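Following: one structure in structure tokens, then a few remarks.
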Amino acid sequence: MASPTTKDHSHIDINDINEETQQLSEKDIVEKDMAPLPGSSIHRSSSRPQLDVSGAAIQGNFEEKDPTILLPNQSDDISHLALDIGGSLIKLVYFSRHADRQKDDRRKRKIKEGLGVSNGTRRSYPILGGRLHFVKFETSKINECLDFISSKQLHCGGIDSPRWPSDAPPSENAVIKATGGGAYKFADLFKEKLGVSIEKEDEMNCLVSGANFLLKAIRHEAFTHMEGHKEFVQIDQNDLFPYLLVNIGSGVSMIKVDGDGQFQRVSGTNVGGGTYWGLGRLLTKCKSFDELLELSQRGDNRTIDMLVGDIYGGMDYSKIGLSASTIASSFGKTISENKELEDYKPEDISLSLLRMISYNIGQIAYLNALRFGLKRIFFGGFFIRGHAYTMDTISFAVQFWSNGDAQAMFLRHEGFLGALGAFMSYEKHGLDDLMVHQLVERFPMGAPYIGGNVHGPPLGDLNEKASITLVLNSRALCIGLNLTSFWYD
């Protein structure tokens, strides 16, 4: 046992030890404050790791896109990584015990040993809590995704694995779950670069599984968006089904969902996010989807689209409910003007294209909802990206064609449904047995990501600092460290 004056520990900075001691404070505090309520039924397994979504909470404020999901009562170590590799984007979901970190150095490894982390397959003390992180990459830049996975050793079980922080390769039987066409296309590349095999999961199964998980387990996940106003929708899981799931990726799939594992792809269209990105790139020279979306925010589609008012001398066609500002023909005004492509502003082209595609997707979605008598339509996929104008356009189309009878709803983790479903496929987690909405809590913390980076406060922000001090000092007595001298802001 180390003494309080051991050289290797006497000059340790508090920033080096904060992350290594979070689990102790989480165990003592979160376990007390966030334990499942009486009467809840959570399926657990003594032999296989399980996902515990009791108390699952979105981190961050209501405006953050694809925020981290906190799992405060997670005790089992679970599979760390799953991907949805689409034609345009790679969506990645991974589990961690800690806030985002890079590989540790030798000094921090000694801290881990001093705090009771064993070298075996299990730690010497129980840990509570974890996170689901969400990251995206362009499929054309798949090597960036592979570098990200490698840097965090997610293919080896993550930085919480007993293998970490060694550079030992994954076992020969190591697999990661993936869905989407890229799971087939890039399987050999994953084997070559990471030494892991891709275990392929059905795309539709994953989309539905991911959507059902979010709608059942996560409060403040679904919302409406109309004329710039966002309103969160409380979902009654007993009245969730049936619904229409519209997944807008490169193309569009429309799925009638009747229950867990019960669904049917009823329609779709080849005019989707790939269409917007492809035509937008040709017409505006934008190099990325996000650049194209940003460009549309400065646009005026009236210079390109033919409106009802252009046909009726500025007047509405009120007899059939068409206002003067309704689009009669997308890009229709360019027919009668003696102009070339370079004479139009790229931002106007981007907005006109966005409205054309969004209106059509909204209309087709409603017609399929009408066909099956569905009142709820959930839109997902990375075409939306939380873009207010896109959501407003889709919502307007659904409201217009349904005369207000149907409603468009959106999901905060819209682009990660398939990746979440693939993540869930590692184990059968017994979500049907969980009284999820009695257990959901929220915390005012943020962990948004930009590109391949995950940012945000550590999980320890859940705790009162005084309580953390008590917990840490109690543990420090056992290993001969005096933390009190450097526990300060």
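The values are calculated or read from the model by the stated rules, or taken from the named source; none is laboratory data. What you see is a predicted model, and the numbers here were worked out from it, not measured in a lab. In this analysis, Cβ positions are derived from the backbone assuming ideal geometry, glycine residues included, and neighbour counts consider all displayed protein chains. All accessible areas refer to the heavy atoms of the entire protein, side chains included, with ligands and DNA or RNA removed. Shrake-Rupley method; radii C 1.70, N 1.55, O 1.52, S 1.80 Å.
In segment 365-379, what count of residues is obtained for those that are open to solvent by less than 50 Å² (accessible area, probe 1.4 Å) and either closer than 12 Å to Pro242 by Cβ or assigned to a helix (DSSP H, G or I) (or both)? Explain how you work it out, then say what you get.
Let us first name the residues in segment 365-379 that are open to solvent by less than 50 Å² (accessible area, probe 1.4 Å), namely 365-366, 368-369, 374, 377-379.
Imposing the further condition that a residue be either closer than 12 Å to Pro242 by Cβ or assigned to a helix (DSSP H, G or I) (or both) reduces the set to 365-366, 368-369, 374, 377-378.
Residues in segment 365-379 being open to solvent by less than 50 Å² (accessible area, probe 1.4 Å) and either closer than 12 Å to Pro242 by Cβ or assigned to a helix (DSSP H, G or I) (or both): 7 in total.
Just checking, how many residues over segment 349-375 are over 14 Å from Asp392 (Cβ atoms) and either touching a Cys at 6+ places or on another chain (Cβ under 7 Å) or not hydrophobic (A, V, I, L, M, F, W, C) (or both)?
Number satisfying all stated conditions: 9.
The conditions are (1) under 17 Å from Gly272 (Cα atoms); (2) at pLDDT 95 or above, and Leu370 fails exactly one of them. Which is it?
If we test Leu370 against (1) under 17 Å from Gly272 (Cα atoms); (2) at pLDDT 95 or above, just (1) comes out false.
Residues in segment 278-292 that are at pLDDT 95 or above and surrounded by 12 or more Cβ atoms within 10 Å (Cβ to Cβ): how many?
Total meeting the criteria: 9.
With respect to the numbered conditions (1) more than 25 Å from Ser402 (Cα to Cα); (2) touching a strand residue (DSSP E or B) at 6+ places or on another chain (Cβ under 8 Å); (3) hydrophobic (A, V, I, L, M, F, W, C), which one is the sole condition not fulfilled by Leu307?
That leaves (1) as the condition not met.
From the list Leu322, Leu307, Leu295, which one is hydrophobic (A, V, I, L, M, F, W, C) and open to solvent by 30 Å² or more (accessible area, probe 1.4 Å)?
Values: Leu307 fails: open to solvent by 30 Å² or more (accessible area, probe 1.4 Å); Leu295 fails: open to solvent by 30 Å² or more (accessible area, probe 1.4 Å).
Result: Leu322 is the single residue among Leu322, Leu307, Leu295 that is hydrophobic (A, V, I, L, M, F, W, C) and open to solvent by 30 Å² or more (accessible area, probe 1.4 Å).
Which one is most open to solvent (accessible area, probe 1.4 Å) among residues in segment 49-74 that are more than 14 Å from the chain's Cα centre (by Cα), over 16 Å from Leu215 (Cα atoms) and polar (S, T, N, Q)?
Asn61
Looking at segment 268-300, which of its residues are within 15 Å of Tyr344 (Cα to Cα) and either touching an Asp or Glu at 6+ places or on another chain (Cβ under 6 Å) or without any contact (Cβ under 8 Å) to a residue 24 or more places away in the chain (or both)?
Within segment 268-300, Arg281, Leu282, Leu295, Arg298, Gly299, Asp300 qualify.
State all residues of segment 391-413 that are touching a Phe, Trp or Tyr at 6+ places or on another chain (Cβ under 7 Å) and either closer than 14 Å to Gly228 by Cβ or not β-branched (Val, Ile, Thr) (or both); if no residue qualifies, say none.
Met391, Thr393, Ile394, Ala397, Trp401, Ser402, Ala406, Ala408, Met409, Phe410, Leu411, His413
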